[in-house]
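Everything below concerns the one structure shown next.
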Amino acid sequence: GAVVSQHPSWVICKSGTSVKIECRSLDFQATTMFWYRQFPKQSLMLMATSNEGSKATYEQGVEKDKFLINHASLTLSTLTVTSAHPEDSSFYICSARGDTGNNQETQYFGPGTRLLVL
Amino acid sequence: SQQGEEDPQALSIQEGENATMNCSYKTSINNLQWYRQNSGRGLVHLILIRSNEREKHSGRLRVTLDTSKKSSSLLITASRAADTASYFCATAAGNTPLVFGKGTRLSVIA
């Protein structure tokens, strides 16, 4: 099956620093990637959708200048949390969709990145 | 925006019992999917049911879909302690991203 990886799996940083999270589709070309955020004991909330080579589309309430998304290639998308603050501490999950040979509508999820901002 | 609503929010049962979780949604969909998430871990895809399907089975899982009521149910039969997790429904419509429900936290007591 299609595999999506994320790096790092967890990160601890000081308030005010920026953190970059990578999302890679390992065995297929991801034409679309999605970034979700999940706070403890809550569900996944979509943050943004990105298509390769285009600017990301952000959901209402998500600051595009704070959460920078780059989808420069068909296998890599990055989410940069700029000037992170404790309230940004969360579980960030990426998802990819593309031509896997099976079903182009299926979203494949990465294992998530846990961010803790001190 | 969140579309699915699961109930119950939390469910605690004894090992061997069946667990039923329900999901309701608001708009037309292409398919509905169920995921499991163990505490602090990533999502595990369980099953996908298309809008033209009414029931689907996979091992101990049984999913139903009623598009007229915009609802779905997930039944786990003969539950095990290892089934303890959060379960989410997610709906897909056209090319839009999956929208997740609030989830049900299932505890299976040995």
Q. Of B:Ser68, B:Ser12, which residue is assigned to a strand (DSSP E or B) and more than 23 Å from A:Phe109 (Cα to Cα)?
A. B:Ser12
Q.
Based on this model, can you work out whether A:Ser5 counts as surrounded by fewer than 19 Cβ atoms within 10 Å (Cβ to Cβ) and either in a strand (DSSP E or B) or touching a residue at least 60 places away in the same chain (Cβ under 8 Å) (or both)?
A. yes
Q) Would you pick out the residues in the range A:22-32 that are more than 9 Å from chain B (Cβ to nearest Cβ) and assigned to a strand (DSSP E or B)? A) A:Glu22, A:Cys23, A:Arg24, A:Ser25, A:Gln29, A:Ala30, A:Thr31
Q. What do you reckon, is B:Ala82 outside any helix (DSSP H, G or I) and over 23 Å from A:Glu59 (Cα atoms)?
A. no
Q) Taking B:Ile47, is it β-branched (Val, Ile, Thr), in contact (Cβ under 8 Å) with a residue 12 or more places away in the chain and surrounded by 15 or more Cβ atoms within 10 Å (Cβ to Cβ)? A) yes
Q. Name the pairs: first residue in the range A:33-45 and closer than 29 Å to A:Thr75 by Cβ and within 8 Å of chain B (Cβ to nearest Cβ), second residue part of a loop (DSSP other than H, G, I, E, B) and charged (D, E, K, R), Cβ to Cβ under 6 Å, at least 6 apart or on different chains?
A. A:Ser43/B:Lys102
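FYI, it's all coordinate maths here, none of it is from the lab. Since the model is a prediction, treat every value here as computed from it, not as a measurement. Positions of Cβ are generated from backbone atoms using ideal geometry, with glycine treated the same way; all protein chains shown enter the neighbour counts.
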